[in-house]
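The values are calculated or read from the model by the stated rules, or taken from the named source; none is laboratory data. The structure presented is a predicted model; accordingly, all values stated were derived computationally and were not measured. Methodologically, a virtual Cβ is constructed for each residue, glycine included, from the backbone with ideal geometry; neighbour enumeration extends over all protein chains shown.
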Amino acid sequence: MENKIRNCPECGSKNVVSDSKHAELYCADCGMVIAENIVDLGPEWRAYDSEQASKRVRTGPGMSYRIHDKGLSTSTPKLPAGIKRLRWVNMGSSEKTLAFALIEIDRMACALKLPNDIKETTAVLYRKAAKRCLIKGRSIEELVSAMLYIICRQYGIPRTLKEIAAVSRSPLKKIRRSYLFLLRKFELKIAPADPSHYVPRFCSELGLSERIREKAIEILKENKGKGAARGWAPIGTAAAAIYIATVLSGEYRTEKEIAKVVGTTEITIRNRYKELGKSLEVDIDSLSPHPRREKASAADVS
């Protein structure tokens, strides 16, 4: 009622005051009591600082799929260790599996510095898989790693399978197999990863300027997704665009330096920047300040 009354019915003033002490709602201009016996919906306790408020409050956090019971259970503070162990023993096998999977999601997501919405969506996907009985007979680590990669792809967050395998307890081959299994079972259609999403992170790790970053993204835009149509991996394409941008801008980085940061090979970068150079109509090898040794040795022989 307090929220509905905005104007005084007597004088039309908007200066309506709620007096919680006397449980009244009155107009500060004309003094008319608009409502009496107002119910105070606030807490019955008082707190004089944030520490007292945190100790006296009895409501828990919001519902979250990242917790096996969705955060709806009442937590009892300062329980003995034996009671905590007993509570875990009383959990069912499916609930234990779910709790372990959610812990793995949180651990890997924290290691990859992913936001909470990625954790939440991955937890929802795992619950859907468990409901459809896709978990039985499969490794939890493999499925969780593959689900995390799927959600990162859907949200456009640049994380590769190799990066996820580095923080997972499962090998890359098994994670890739689970990834294809989940795509088939859920009938998911994921667009190819955009190489430009990887450019800012790689440029930051290489210590390159903003100018190089913008130039590399511009090169990828001029390519217009031709690399994805040819089956190029987005990491190799992004690395090639960064290499071309460094050569054209003067902040040179060798293929070896870029390959080490990106996690690919020098040969991949070399093949990709040659193809990108053709679309730009630029001979990158002639502009490179450090030509490869093969060219130098061939010139010496001749």
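Some observations on this one:
- Of all the listed residues (Lys113, Lys70), the sole one being basic (Lys, Arg) and modelled with pLDDT of 85 or more is Lys113.
- Residue pairs meeting the criteria (Cβ under 7 Å; at least 6 apart or on separate chains; first touching a residue at least 60 places away in the same chain (Cβ under 8 Å), in segment 250-266; second in a helix (DSSP H, G or I)): Val262/Phe202; Val262/Ile235; Val262/Ala239; Gly263/Lys162; Gly263/Ile235
- Of the residues making up segment 92-112, those that are among the aliphatic types (A, V, I, L, M) and touching a His at 6+ places or on another chain (Cβ under 8 Å) are Leu98, Ala99, Leu102.
- Here is the figure for segment 236-271: residues that are under 28 Å from the mean Cα position of the chain (by Cα) and either at pLDDT below 85 or among the basic types (Lys, Arg) (or both) total 1.
- Residues that are at pLDDT below 90, surrounded by 17 or more Cβ atoms within 10 Å (Cβ to Cβ), under 31 Å from the mean Cα position of the chain (by Cα) and polar (S, T, N, Q) do not occur anywhere in segment 287-297.
- When residues of segment 129-142 are limited to those that are among the charged types (D, E, K, R) and in a loop (DSSP other than H, G, I, E, B), the one surrounded by the fewest Cβ atoms within 10 Å (Cβ to Cβ): Lys136
- Residue in segment 214-222 that is more than 16 Å from Ala241 (Cα to Cα) and touching a helix residue (DSSP H, G or I) at 6+ places or on another chain (Cβ under 7 Å) present: no
- Segment 113-140 residues that are at negative phi, paired with ones that are small (Gly, Ala, Ser) and surrounded by fewer than 14 Cβ atoms within 10 Å (Cβ to Cβ) (beta carbon under 9 Å, 6 or more apart): Ala130/Ser94; Ile135/Ser94
- Residue in segment 114-128 that is loosely packed, with under 15 Cβ neighbours inside 10 Å, in contact with a Phe, Trp or Tyr (Cβ under 8 Å, 6 or more places away or on another chain) and β-branched (Val, Ile, Thr) present: yes
For every residue, the table says whether it meets (1) assigned to a loop (DSSP other than H, G, I, E, B); (2) among the charged types (D, E, K, R).
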| site | (1), (2) |
| --- | --- |
| Ile164 | no, no |
| Arg169 | yes, yes |
| Ile175 | no, no |
| Leu182 | no, no |
| Ile190 | yes, no |
| Ala193 | yes, no |
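- Selection from segment 214-233 of residues that are touching a Pro at 6+ places or on another chain (Cβ under 6 Å) and either modelled with pLDDT of 85 or more or not in a helix (DSSP H, G or I) (or both): Leu220
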